[in-house]
Every structure is written in C-alpha cells, then in structure tokens.
Amino acid sequence: MTIDLAPLAAPALHVLHQAFFGAVAACGFGVLFNFGPRCLAWATGFGAVALAIRTLGLDARWSLEAASFAAAVATGSLALVFRRRLGAATETIALAGCIPMIPGAFFGQALLGFFALTSPDAVGVEATVFQSIQALLRVIFTLGAIGAGLAIPVHLVRPGRL
Amino acid sequence: MREGEDDPVITRHRDLEKIANAALRAGRVAMESGANVRAVHDVCAAVARGLGAEDVGLRSGYASLSITVSAGENTITRMSSVGRLGVNQRLDTEVRRLAGRVGGGGFVPASVHGEIDRLLRETPRHPSWLVAVATGTACAAFGRLLGIDWAAFLPVLVAGALGQELRHRLLSAGVNVFVVVGIIAFVAATLGGIGARTVGSSTVAMAMMASILLLVPGVPATNAQTDIMDGFPTVGSARAVWVIMVMVFASAGIWLALALMGVTL
C-alpha cells in the first residue's frame, strides 16, 4: 500500500515558510533588542514555534486572534519549561518569539483608512469605515490575545523573577 | 562638627537615603532597558532590602520612580526621573542578576553604584551596522509573512536597514522620538516603494508597509498589557497611549509616502 503525501506537501511547505520567516524576524528583532548570542538562538527558535502554531491554527480555519493566542500560550509555556536555562530573560525571550505576530500592518491599515475618510473627495466611505474598524479591532484583539497568551502561563507558574 | 551630625536619626536617614538612591538607580536602569513595572519593582525592592531596608514601598510613573524605605522608626521617600524607555535585554538581565546578588547581602550602596556603573560601561551592544542589517532582515521576513513577493524582499531589507540606521542617528542627536518615527516611516516606506517598483514587484504597497515594521512598538505594547494585568494601570495606560502615538506618527509618514508614490493599499 502506498500513501500519497502530495496533498500534504503544500500545507507543510507553507507552515515551514511561515516558521522560517517568523524565526528570522524574531532573530532580527532580538539583535535590535540587544539579545546576547544564546538568547538570540532561543528567540529564533521561539519565533519559529510561534509562527508554526499560528499558521497551523489559521490553516485549520481558526481566527487570527485564536491562532495568535494559542501560539503565544505555547511559546510562553515552552519558555517556562526552559526557565532554569533562560534565567531572568525567560519572559523577554518568549516575547521576542511572539514579536513577528504583532499586527502592526493592520494598525497601519486602520489609521490610513481613517486618514482617507477625512479627505475632501473621499469615495467608498462605508467600505473604508468597515475595513478600518475591522483592522483596528483585529489589532486590539490580536494584541490582547498575544499579551494574555504570554501572561497566563507566567501567572500560573510564577517563576523566580530575578 | 556640623549641627546634627551626631544625631542618630539624621545619620540613619542618610543611610536610608543612600539605600533609596541605589535602589532607584537599579530600577531606573531596568525600566529604561525595557523591563515591565513588576520587574522594576522586584529589582528596587531586592536592592533596598539587601542593603538593609526593612520595609519598601514603590510607586511607578511613566517617567519617574518613587521609593519609600524604612528601618526601625525611620522612613524616607525619594523620587528619581526615568529617561527614554528602550529595550536592552542584556542590560536588563544583568541588572536583574545584580539585584538578586544584592538581595543576598554583602553589598553597600557605594558598591551597588559601582556595579551599575560597570554594567553601563561593559554590557556589550551590537554594532549599529549589525543592528541595521538585522532590523532590515526582520522587516523583509515580516514582509514575507504579510505576503510580499520575492522581488520586494531585498528592497524591503535595504529600506528597513537604512531606516534603522537613520533612526539610530536621529535619536542619538536627541530628536523627539515621535518626530523620528514620522521621518523614518516616510523615508523607509518611500525607499521600499521605489525599490520594489524598480525591481518589478507586484506587491509595492505591502513592501512599503513592511519597510516600516521596524517602528512597530511590540515590546511597549505587550508591556502595557502586562503592567495593567499586574495591577499597574497608570503606567500601562501611559504605555498604551505612547504606542498609539507612535503608530499615528508612523501612519502619517507612510501616508505621505503612499501619496508621493501614488500607491493605494
């Protein structure tokens, strides 16, 4: 009996693509945040994990908010598992892994939409209002989901802080 | 001998003042390095108790820290201003480690100041060119997550890197942070847009958006939420307002760039 894996190849490649670029983005922001080499490696790994989980959630037709929450909970929990190795930087490294999920582009779209509404020759006002509010709500809920997802494991475990 | 120099209450107050100042300085460095309020309070309290304070009370504002330290019947309150809040993970971690060591005893206020001076002097920082390249790469990776095509990858990387280097120089020159955000958003988006268009990208608008993602204040945004959850709504709200202001200036910058390029999202 042979198993046809072809239908799984495209979704798997998509997850790998997102995980890879999530890792690269987390690593880049880690350098910006002055992470040391060891913390950078961890942040890169967490970035890959976070984006892989979020992508799997989105592929399973979850909302962006739900997928981001699941990814943040998983990343925060994973960081806590390794907290003895990560030390005082545990929470910061987990956060860096989740930075690629911050919906900055949606925030920009929302504000640009609101800017467009104030122009003297605004067209398609109703659609613009709808899209802007939708983008803004996605920002608020997704940011909330990431923050809550990272905070909940920490509040449950309460590791040594210093 | 000056008046009051042999008064035990005054002498004890002077000791407490040294303890308070050392604790505030450690907390200030942690806060300026991106720590959330709970962590800052942990640092201050550990230093103050390790130096001999019996009771410690703390209050945080967005740009200030206050501490009340007590020993016996003596109590003093001191306040310190806090500078621009950034993110410096290595310095943050080192200050927390120092606070843990001071909390274990064996330090005096002067040695804490000496250790903080050493950390400020010796904690390594990545060279600015590396930060610029890494930030540009992060923007390009972010762009791929958002759906830019491969043709736009390099232009976004270059625009993000140049934007980061310009941000570094403007902030070092003391330019207002929000003005810097507006300038960087305009410059990086314009460079990203011109580059993407030149190489024939079909995702020019998204490339312009990706080029300014270095400005997205991810750490302050999550710190705002963490602070509110931890019971510090004042600082959390202030951070949230700061985040909104940054995004408003970033949007104004990219809006100008889009208008200049004749691109719509």
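The values are calculated or read from the model by the stated rules, or taken from the named source; none is laboratory data. Since the structure is predicted, the reported quantities are computational estimates derived from the model, not experimental observations. Neighbour counts run over all protein chains shown; Cβ positions are idealised from the backbone, glycine included. The accessibility values were calculated without ligands, DNA or RNA, using every heavy atom of the protein model including side chains. Shrake-Rupley method; radii C 1.70, N 1.55, O 1.52, S 1.80 Å.
Key figures
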| item | result |
| --- | --- |
| Listed residues B:Asp42, B:Asp92 arranged by accessible area, highest first, probe 1.4 Å | B:Asp42, B:Asp92 |
| Å² of accessible area per residue within the range B:118-265, as computed with a 1.4 Å probe and no ligands counted | 41 |
| Computed helical MRE - 222 nm, the protein assembly as shown, DSSP H runs ≥ 4 contributing -39500 (n - 2.57), nearest 500 | -24500 deg cm²/dmol |
| Base-10 log of normalised Debye intensity for the range B:157-196 (one unit scatterer per alpha-carbon) at q = 0.16, 0.23, 0.28 Å⁻¹ | -0.35, -0.65, -0.86 |
| Estimated buried accessible area (total), pair B and A, 1.4 Å, Å² to nearest 100 | 4200 |
| Minimum 20 Å² accessible area buried by the other protein chains, the range A:90-109 residues, probe 1.4 Å, relative to alone | A:Glu91, A:Thr92, A:Leu95, A:Ile99, A:Pro100, A:Ile102, A:Gly104, A:Ala105, A:Phe107, A:Gly108, A:Gln109 |
| Nearest-ten-degree value, helix A:104-117 long axis tilted from longest Cα axis of chain A | 10 |
| Radius ratio Rg over Rh of chain B, counting only Cα atoms, Kirkwood formula for Rh | 1.12 |
| Inter-chain shielding of B:40-47 (mean C-beta neighbours from other protein chains, 10 Å cut-off) | 1 |
| Relative intensity, log₁₀ I(q)/I(0), of the range B:8-122 from a Debye sum that treats every alpha carbon as a point, q = 0.13 Å⁻¹ | -0.42 |
| Chain A - accessible surface per residue (Å², probe 1.4 Å) | 47 |
| Packing-based ranking, highest mean first, of B:16-22, B:116-122, B:163-169, A:66-72 given that Cβ atoms within 10 Å are counted | A:66-72, B:16-22, B:163-169, B:116-122 |
| Relative contact order (percent, whole number), chain A, Cα cutoff 8 Å, 6+ residue spacing | 25 |
| Solvent-accessible area, 1.4 Å probe, carbon plus sulfur percent, for the protein assembly as shown | 64 |
| Alpha carbon convex hull of the protein assembly as shown, volume per residue in cubic angstrom | 171 |
| Histogram of C-alpha separations across chain A, 10 Å bin width, % | 11, 32, 29, 18, 8, 2, 0 |
| Interatomic Cα distance distribution for the range B:128-261, bins of 10 angstrom, percent | 15, 40, 31, 12, 2, 0 |
| Residues in the range B:199-220 occluded by at least 30 Å² - accessible area, probe radius 1.4 Å, against chain by itself | B:Met209, B:Val216, B:Gly218, B:Val219 |
